[in-house]
Amino acid sequence: MIRAATPDDLDAIAALHAEARATYYRGHLPEAEYDGPAERARSRDAWSAALAREEPEAAVLLADHRGVIAGVAAYRPVDGVMTLTQLHVSPAHWRRGIGTALHTACVTAWQHTGVRTARLLVFEHNIRAQDFYTRHGWRPDPGDPRQDTHLVLRLAVPAPTG
């Protein structure tokens, strides 16, 4: 089940985020940069801010699988472009359609608000995520293909059907 996140979900979101990030940063970055105390505090503060955001075009969505938070996605406009800022699934729940369900919920919300293009950044070594996004229609941004260690992808949001 996909639902809107609430401030009560903060601890679970922060833990899931840390767990998911470790799977793709490990071996590529020093551990302190993705899982040290300072990074965990920074990440928790960022999620707290996202949950407190009162922008109608921004959201934090959760995938609840049998009472366990199995995935999280967040989006908001950045520099005038809808941006999928986060999409993480707990490794224990990979390959169950949870990422696809979260992605679909984001795209559906964008369709209903008239968003026609979205962007995201994906870590250059996170091949698993790159494959996921490619399967869902994301393509390299021809005008801005990289930002530091991240690839920039764009999605042409399809018009709503029906």
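Each value in this text was obtained by applying a stated rule to the coordinates, not by laboratory testing. Treat the numbers as computed from the prediction; the structure is a model and nothing was measured. Reconstructed Cβ throughout: ideal geometry from the backbone, glycine too, with neighbour counts over all protein chains shown.
Counting only C-alpha contacts under 8 Å and six or more residues apart, can you give the relative contact order of the stretch 2-156 as a whole percent?
Details: 218 pairs, mean separation 30.7, N = 155.
Relative contact order comes out at 20 percent.
Taking amide H positions as placed 1.01 Å from N in the peptide plane, with prolines and chain starts having none, which residues 5 or more places from Val78, or on another chain, fall under 5 Å of its amide H?
Thr83
Amide H to amide H under 5 Å from Leu29: which residues, 5+ apart in sequence or cross-chain, H placed 1.01 Å off N in plane?
Here the answer is none, since no amide H 5 or more places off falls under 5 Å of that of Leu29.
Any chance you could run the full-extension gain for Met1 through His125? It's 0.36 nm times the residue separation minus the Cα-Cα distance, nm to one decimal. Each step should come with its number before you reach the end.
Working: separation 124, 0.36 × 124 = 44.64 nm, distance 2.98 nm.
Contour length minus the Cα-Cα distance gives 41.7 nm.
For the stretch 25-41, what does the Karplus curve 6.51 cos²θ - 1.76 cosθ + 1.60, with θ = phi - 60°, yield as ³J(HN,Hα) per residue in whole Hz, taken in order and with x for Gly and Pro?
Couplings: 8, 4, x, 10, 10, x, 3, 4, 6, 10, 9, x, x, 5, 5, 4, 5 Hz.
Once label points are set 7 Å from the Cα along Cα→Cβ at both Asp45 and Arg139, what is their separation, rounded to one decimal in nm?
3.9
Using θ = phi - 60° and the Karplus form 6.51 cos²θ - 1.76 cosθ + 1.60, what ³J(HN,Hα) does each residue of the stretch 50-56 get, whole Hz, x for Gly and Pro?
Per-residue couplings from phi come out as 4, 5, 8, 4, 10, 8, x Hz.
Which GluC sites (Glu not before Pro) does the stretch 1-102 hold that lie in a coil by DSSP with at most 14 other beta carbons within 10 Å? Could you put the intermediate results ahead of the total?
On the way: sites: Glu19, Glu31, Glu33, Glu39, Glu54, Glu57; in loops: Glu54, Glu57.
Passing sites in the stretch 1-102 are Glu54, Glu57.
For Thr104 and Ala32, what does the FRET efficiency come to when R0 = 35 Å and r is the distance between their Cβ atoms, rounded to the nearest 0.05?
Values: r = 35 Å, r/R0 = 1.01.
Step by step, r from the Cβ atoms, then E = 0.50.
Only sites in a loop by DSSP and with at most 10 other Cβ atoms within 10 Å count here; which trypsin sites (Lys or Arg not before Pro) in the stretch 37-72 make the cut? Write down the numbers at each step before the final one.
Details: sites: Arg40, Arg42, Arg44, Arg53, Arg66; in loops: Arg53, Arg66.
Listed in order of number, the matching sites are Arg66.
Given H placed 1.01 Å from N in the peptide plane, which residues other than close sequence neighbours of Val157 have an amide H under 5 Å from its amide H?
Hits under the 5 Å cutoff: Thr117, Ala118.
Suppose every K and R has +1 on its Cβ and every D and E has -1 on its Cβ; what is the size of the dipole of the chain about the Cα centre, in Debye to the nearest 20? Walk me through the numbers before you get to the answer.
Details: 18 positive and 19 negative charges, 122 e Å.
The calculated dipole for the chain is roughly 580 debye.
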